[in-house]
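This report concerns only the one structure given below.
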Amino acid sequence: GGIMAAKTLLELRNATRALVGDSVRYDPADGITVLQGPTTWTDQEVNDALNYAQNDYCSRKQQTTVVATLQSGSSAPISSFGEETVVHAEFGGVGMDKSNLNFEDRLNPSWRVGSSGSPKRWLTHEGIFYLSPNANGLTATVLYLEVPAPMSGNSAVPDSRITEAHHTALTYMAASHLLIQGRDQASSQKAGTLTAVYLNLIGLLAAAGA
């Protein structure tokens, strides 16, 4: 294979364990990895952290954007974590501003019942996508982030839209995610450092003090 090969979930999990200090020994003779002594995290917990990292990557890099049409009042696409994933919407080829429920309610308490005029704003609320002014039945073109399928089997690899050069970067975000759950100061500081490495590796330099 080439210099860069896709990393499997098993490889990513071992690399993540190494970053968080779970002792791992690779046995080249057998080509297998042996966990040394007790581990702090189960395989499932490390897998979950790596899937969290994969989602984070696709969100930050807007790597998995999908264009769709959505009718006002219909269900908004949401991620497996329940996050709303629409990042941009336009009507008649013109981009609209993102709004929120409080603003619309103050402007016109009955806005959802239907109002005339071309939509100027969009929002999602409780899983529903709305245009405002809300002329019933109008549809917008939206850009939303598709959530990558979670990795589960040992031989699974990250979503094909994640460049192979960035597979290792996922382990830094996964390790940070695991350490933050410890909530002690040392773990939090190390998590911050790992997140900064991750952002650097994927070309999104962490801001000073991040």
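The values are calculated or read from the model by the stated rules, or taken from the named source; none is laboratory data. Given the structure is predicted, the values throughout are model-derived calculations rather than measurements. Note: ideal-geometry Cβ built from the backbone for every residue, glycine included; neighbour counts use all protein chains shown. We work out accessible area using only protein heavy atoms, side chains counted, and drop any ligands, DNA or RNA first. Shrake-Rupley method; radii C 1.70, N 1.55, O 1.52, S 1.80 Å.
Quick notes on this one:
- Residue selected from the stretch 24-72 under the condition of a type in the set (S, T, N, Q) and modelled with pLDDT under 65, by the criterion farthest from LEU201 (Cα to Cα): GLN36
- Test result for ASN200, closer than 20 Å to ALA18 by Cβ, assigned to a loop (DSSP other than H, G, I, E, B), open to solvent by 30 Å² or more (accessible area, probe 1.4 Å) and not β-branched (Val, Ile, Thr): no
- ALA174 being open to solvent by 30 Å² or more (accessible area, probe 1.4 Å), closer than 30 Å to THR40 by Cβ and either assigned to a loop (DSSP other than H, G, I, E, B) or not charged (D, E, K, R) (or both): no
- Failed item in (1) without any contact (Cβ under 8 Å) to a residue 12 or more places away in the chain; (2) among the β-branched types (Val, Ile, Thr); (3) buried (at least 22 other Cβ atoms within 10 Å of the Cβ), with VAL142 passing the rest: (1)
- Residue among GLY203, GLY137, GLY127 that is more than 18 Å from the chain's Cα centre (by Cα) and of a type outside the set (A, V, I, L, M, F, W, C): GLY137
- Within the stretch 54-79, the set of residues being closer than 16 Å to GLU126 by Cα and in a strand (DSSP E or B) comprises LEU70, GLN71, SER74, SER75, ILE78.
- Tally of residues being open to solvent by less than 70 Å² (accessible area, probe 1.4 Å) and part of a helix (DSSP H, G or I) across the stretch 153-171: 7
- Positions within the stretch 105-128 being in a strand (DSSP E or B), modelled with pLDDT of 90 or more and in contact with a Leu (Cβ under 6 Å, 6 or more places away or on another chain), in sequence order: TRP122
- Residues that are within 29 Å of GLU90 (Cα to Cα) and assigned to a loop (DSSP other than H, G, I, E, B), drawn from the stretch 129-152: PRO133, ASN134, ALA135, ASN136, GLY137, LEU138, GLU146, VAL147, PRO148, ALA149
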